[in-house]
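Everything on this sheet refers to the single structure shown next.
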Amino acid sequence: MTESQWYSPNVVTRYTREQVKWLIPLLPSIRVGIYPRDPKETGYVDGGGKPTFKPGAKFEMIVGIATDLDMRIEKVGADALMMEFLYAFEPADENFIIEHMAQCLNLSTKEVAQRIRNALYYVSGADRKTTSYADYVKGGHKYLRLA
């Protein structure tokens, strides 16, 4: 994880595609309320100003992020498993992993890549999709069509 790849819990609630890719390998620790520290953090705490009050425990928002993402992933099914497998760690070569999945599933690499992309688009976004994943893919969204 590089310094440019850290998102605060307040920003993550938008669930951009990059944030979802960043969150997937962190899900096991986020589920139990452990969020990665900002790599730019120095340890300095400014004592000035009024203290801010936020209702709820600090970990509640963090666990909520994991729960929301888990619910989105669960609606997708097998395509989400492929997406999680691809983004669960930082592979040196994503194409190799996609080719490996294609061989194991007896699919073309193009189809595996497209299904992963569809899953990523479905779980991304500030709001959860109201349609099922199957209807979403069949809906003919221009970014879901095979290239």
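Where a number appears in this text, it was derived from the coordinates with a stated rule and is not lab data. Quick caveat: nothing in here was measured; it's all calculated off a predicted structure. Methodologically, a virtual Cβ is constructed for each residue, glycine included, from the backbone with ideal geometry; neighbour enumeration extends over all protein chains shown.
Ranked highest first by the average count of other Cβ atoms within 10 Å around their residues, in what order do 99-108, 122-131 fall? Could you put the intermediate results ahead of the total?
Working: 99-108: 13.0, 122-131: 14.6.
Packing proxy ranking, top to bottom: 122-131, 99-108.
Quick one: grab the alpha carbon gyration tensor of the range 63-147, order the square roots of its eigenvalues as a ≥ b ≥ c, and give me rounded if a/c is under 1.5, else prolate or oblate depending on whether a/b is larger than b/c.
Working: a/c = 2.11, a/b = 1.27, b/c = 1.65.
Because a/c hits 1.5 or more and a/b fails to exceed b/c, the range 63-147 counts as oblate.
For Glu94 and Leu81, compute 0.36 nm times the residue count separating them, minus their Cα-Cα distance, and round to one decimal in nm. Please report the intermediate quantities before stating the final value.
Details: separation 13, 0.36 × 13 = 4.68 nm, distance 1.51 nm.
In short, 3.2 nm is gained.
What is the local net charge at Met82, summed over the other residues whose Cβ is closer than 13 Å to its Cβ (Lys, Arg +1; Asp, Glu -1)?
On the way: positive: Arg115, Arg117; negative: Asp79, Glu84, Glu94, Glu99, Glu111.
The answer is -3.
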